[in-house]
Amino acid sequence: MNAISMKTRPSLPTPNWRFRGQSNLIKSTQMDMDRSISSRTLGCIGQIQAGEAATAFLMLTYSFLAMASYSAIKPITRSKFIDSLGADNLPYVQLAGGVLIGMIMVGYGWLMARLPRRWSLPIVQVGIVGLLVAFWCLFRTGGTWVSVAFYVTGLILGILLISQFWTLANLVYDPRQAKRLFGFIAAGAPLGGIAGSILTASYVKEIGSVNILLVSASLMTVCVLIVVTIIVREQLSGLAAAPQGKTEIRGWQALDLLRKSRHLQIIALVISFAAIGAAIIEQQLNMAAAAAHSQETGIAGFLAVVQAWTSTIGFLVQILLTSRIHRYLGIGFALLILPVSLGSTALVMLMVASLWAPGLARVLDQSLRYTVDKTSREILFMPLPSAIKLQAKPFV
């Protein structure tokens with residue numbers, strides 16, 4: 001009877017401290033594995049170290065949205081002008097626009113010196129949103145001057161948006177981080193170029209080229225929120241490093257700084273010669289597009305397709321090659337890639353009078369210019385103090 005009762009008696013619960021310890025050990029091991037996996041993943045993506053991931057992805061998103069907004073309207077700035085005045089008149093506007101942009105950039109430096117330093121970038125970007133909406137309204141009037149003004153505005157935005165991104169990147173990261181992370185965060189630009197180009201190529205005929213401006217303004221609005229988040233998260237002091245008005249560099253002061261600094265002279269020469277080559281290639285492409293397409297939306301669609309290929313190749317170059325070129329071949333080699341490409345494609349255009357020749361030249365030029373070449377040139381700015389970067393970079 002005792003034996004039966006012993007067998008049927010319910011067993012007492014056993015102490016579970018061992019199981020708790022084992023459970024905690026398993027959880028701890030799992031967390032370590034997760035951290036190890038995430039660290040390896042981030043390291044493979046862009047050599048991102050602990051604590052850098054959030055800001056790096058915010059900067060990636062910033063470059064994506066800024067370039068998507070610009071890439072959506074860039075073909076329209078060309079197509080509207082070509083439709084109104086013809087491709088043959090573009091060089092005259094580019095010449096006048098170059099002088100005008102120089103004065104505008106001096107004014108931009110003056111404005112940046114008087115805005116609240118910490119919030120100067122998002123304030124200017126809010127102004128860009130308002131400008132895009134204003135042009136959407138002006139195109140309703142049908143004036144030819146609107147197409148000219150919009151083309152010049154596109155030239156300015158192409159310089160300003162990129163300059164703003166790299167100004168912020170130079171303030172967020174030190175030189176060692178720049179060599180590791182610039183290739184990663186700049187990969188958002190070609191991705192944004194792909195998205196903006198596909199958007200325009202797919203919907204320009206359905207919704208009209210003018211309405212693309214509202215889409216671009218919406219993307220820029222989200223971009224403003226991302227920039228504000230980065231500034232607050234990083235508690236950037238570089239934007240407010242000097243008292244207001246103390247670091248303003250007027251036009252003659254910027255020229256004097258350029259005359260005295262051999263470092264800035266080299267950067268300016270690299271930018272200038274590359275810009276000359278790019279202008280010639282772009283004009284060849286615009287004239288070929290005008291000859292091949294009679295309607296304004298057709299020109300915009302063709303230029304958007306070329307831009308999409310440019311951004312796709314640029315993304316692959318940026319994410320796969322830029323950081324490796326910097327580490328193994330050096331900055332000097334990286335800066336030689338674009339000039340060699342421009343010279344080679346120029347020879348192709350001389351020998352082949354077909355539509356694909358300027359298209360190929362434009363794809364190679366832009367896919368290298370805003371990836372390995374731009375990233376390399378930005379590293380050249382790293383030794384300069386923050387105050388000089390803020391004022392001298394837009395001017396240069």
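The values are calculated or read from the model by the stated rules, or taken from the named source; none is laboratory data. This is a predicted model, so every value here is computed, not measured. Don't worry about glycine lacking a Cβ; one is built from the backbone with ideal geometry, like all the others, and counts go over all protein chains shown. Surface areas here come from the heavy atoms of the whole protein model, side chains and all, with no ligands, DNA or RNA. Shrake-Rupley method; radii C 1.70, N 1.55, O 1.52, S 1.80 Å.
Side notes on the structure shown:
- Among residues of segment 288-301, those that are under 12 Å from Leu355 (Cα atoms) and surrounded by fewer than 17 Cβ atoms within 10 Å (Cβ to Cβ), counted: 2
- Yes/no for Thr167 being touching a residue at least 12 places away in the same chain (Cβ under 8 Å) and either closer than 30 Å to Lys80 by Cα or not in a helix (DSSP H, G or I) (or both): no
- If the condition is being open to solvent by 50 Å² or more (accessible area, probe 1.4 Å) and part of a helix (DSSP H, G or I), then segment 338-358 contributes Pro339, Val340, Ser344, Leu347, Leu350, Met351, Trp356.
- Figure legend. Inter-residue proximity from segment 186-212: first residues of a type in the set (Asp, Glu) and part of a helix (DSSP H, G or I), second residues crowded, with 19+ Cβ neighbours inside 10 Å and modelled with pLDDT under 85, beta-carbon distance below 9 Å, spacing 6+ or different chains. No pairs are indicated.
- Yes/no for Gln307 being under 15 Å from Leu355 (Cβ atoms) and either not in a helix (DSSP H, G or I) or not hydrophobic (A, V, I, L, M, F, W, C) (or both): no
- Condition check for Ala87: within 30 Å of Gln283 (Cβ to Cβ), out of contact with any strand residue (DSSP E or B) (no Cβ under 8 Å at 6 or more places or on another chain) and at pLDDT below 80: yes
Let's see how each residue does on (1) assigned to a helix (DSSP H, G or I); (2) surrounded by fewer than 21 Cβ atoms within 10 Å (Cβ to Cβ); (3) at pLDDT 80 or above:
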| position | (1), (2), (3) |
| --- | --- |
| Ala268 | yes, yes, yes |
| Ala279 | yes, yes, yes |
| Gln283 | yes, yes, yes |
| Asn286 | yes, no, yes |
| Leu303 | yes, no, yes |
| Ser311 | yes, no, no |
| Arg327 | yes, yes, no |
| Leu336 | yes, yes, yes |
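- Members of segment 196-235 that are of a type in the set (Val, Ile, Thr), open to solvent by less than 10 Å² (accessible area, probe 1.4 Å) and touching a Leu at 6+ places or on another chain (Cβ under 8 Å): Ile212, Val227, Ile230, Ile231
- Qualifying residues in segment 78-103 (those that are under 25 Å from the mean Cα position of the chain (by Cα) and not hydrophobic (A, V, I, L, M, F, W, C)) - the one nearest to Gly301 (Cα to Cα): Ser79
- For the residues Gly127, Gly192, Gly154, the requirement of being closer than 30 Å to Met382 by Cβ, at pLDDT 80 or above and open to solvent by 40 Å² or more (accessible area, probe 1.4 Å) singles out Gly127.
- The test for being under 30 Å from Lys80 (Cα atoms), open to solvent by 20 Å² or more (accessible area, probe 1.4 Å) and either at pLDDT 80 or above or within 23 Å of the chain's Cα centre (by Cα) (or both) holds for Gln307.
- Pairing each residue of segment 281-294 that is closer than 14 Å to Leu360 by Cα with any residue that is polar (S, T, N, Q), provided the two are 6+ apart or on different chains, yields C-beta distances under 8 Å for Ile281/Thr345; Gln283/Gln94.
- Qualifying residues in segment 104-122 (those that are within 20 Å of the chain's Cα centre (by Cα) and among the aromatic types (Phe, Trp, Tyr)) - the one surrounded by the most Cβ atoms within 10 Å (Cβ to Cβ): Tyr108
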